[in-house]
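Single-structure report; data block below.
The values are calculated or read from the model by the stated rules, or taken from the named source; none is laboratory data. This one's a predicted model, so the numbers in the text were calculated from it and none came from an experiment. Note: ideal-geometry Cβ built from the backbone for every residue, glycine included; neighbour counts use all protein chains shown. Please note that ligands, DNA and RNA were not included when accessible areas were found on the heavy atoms of the full protein model with its side chains. Shrake-Rupley method; radii C 1.70, N 1.55, O 1.52, S 1.80 Å.
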Amino acid sequence: MAVQLDARPPVVPAPRHARSNRGNRLARFDTRYSPYLYIAPFFLLFAVFGIYPLAYTFWVSLHDWDLLGVHPTFIGAQNYTQLMADPDFWHSVVNTLGIFVISTVPQLLLALWLANLLNRHLRARTGWRMAVLIPNVTSTAAVAIVFGVLFGREFGMINWLLDLVGIDAIDWKSNRFASWVAISTMVDWRWTGYNALIFLAAMQAIPRDLYESASIDGAGRARQFWSITVPLLKPTIIFAVIISTIGGLQLFTEPRLFNSGTNAIRGGPLRESQTVTMYMFENAFAPHYNFGYGSAIAWLLFALIAVVAAINVLVLRRLGGGGRKEESR
């Protein structure tokens, strides 16, 4: 019986140096390009849901775009020119900035004070810290209903308390400044605890040795707070200011739900509390359906937020530069 031998040549393993070169190339490829692959999903999602809507909104703002019509007409910068001369738009800008200032300044001061209290040795500290988030997780509609009753003209509790001290009843929805105060109170009640927890997290990162040294030197709690806590919280305070600025300039839900009636989007009979986002919604959708004009309002609101954010960044850099100068000394 004949035995057939395999005529194939024997397999010779690749040289060790060739395998090491291939492994080095893969390692260099992984080191150079894998970080971009890891962060690519974020930028893809941001491009789809961020950059594209932004660019498309700008394109729409250059048209006379009636949502009920068929063919939009390109009109260039006419929407922006008309918007610059629109008194209702500037009225809404003043309302937005007024509510923003009245709500943001007390909100951050109260949050800083509340965080300082929660940072002390209290009984059931975890429970108190969780409790400050209850307003934030409460439904905005429910909050608006409650505050609408509190600030009622005839039977509101706030007017009842004012009457006890001899102050006449205030029409909180028809008076411009009073509506700012009512809406700001609603915003402060909802977001103060959220900012307090942000400040609390930053306070817990401050070394306790600094407070012990200050206490040995005779500094009281108030002096420690203003000389140690606040200076070391500057980056966190600037961050909270930026976040509050973005949210305050985009305020929509609270003033919209605070004003009831057939045309609540106007923010009152004479637009007493209509914000920029409410004015944008009024023009882009019901009752005007002018999508191009509403898109122009959205872009000017974006520009306003960008300017305020840039100012905050400059303040942050200046504070950081001051800190580096002091350290170098």
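Return yes or no: is R129 of a type in the set (K, R) and exposed (fewer than 12 other Cβ atoms within 10 Å of the Cβ)?
no
Any residue at all in the stretch 79-90 that's open to solvent by 50 Å² or more (accessible area, probe 1.4 Å), in a helix (DSSP H, G or I) and modelled with pLDDT under 90?
no
Picking from L68, L26, L37, which residue would you name as being open to solvent by 100 Å² or more (accessible area, probe 1.4 Å), at pLDDT below 90 and under 30 Å from Y289 (Cβ atoms)?
L68
Do we find that L197 is closer than 22 Å to V105 by Cβ, open to solvent by 30 Å² or more (accessible area, probe 1.4 Å) and modelled with pLDDT of 85 or more in this structure?
Numbers: closer than 22 Å to V105 by Cβ: yes; open to solvent by 30 Å² or more (accessible area, probe 1.4 Å): yes; modelled with pLDDT of 85 or more: yes.
Judged against the criteria, L197 is a match.
If you go through the stretch 244-259 one residue at a time, do you hit one that is part of a loop (DSSP other than H, G, I, E, B), within 30 Å of W160 (Cβ to Cβ), in contact with a Lys or Arg (Cβ under 8 Å, 6 or more places away or on another chain) and open to solvent by less than 30 Å² (accessible area, probe 1.4 Å)?
Yes; the residues of the stretch 244-259 include at least one that is part of a loop (DSSP other than H, G, I, E, B), within 30 Å of W160 (Cβ to Cβ), in contact with a Lys or Arg (Cβ under 8 Å, 6 or more places away or on another chain) and open to solvent by less than 30 Å² (accessible area, probe 1.4 Å).
Which one is least open to solvent (accessible area, probe 1.4 Å) among residues in the stretch 200-217 that are at pLDDT 85 or above and part of a loop (DSSP other than H, G, I, E, B)?
I206
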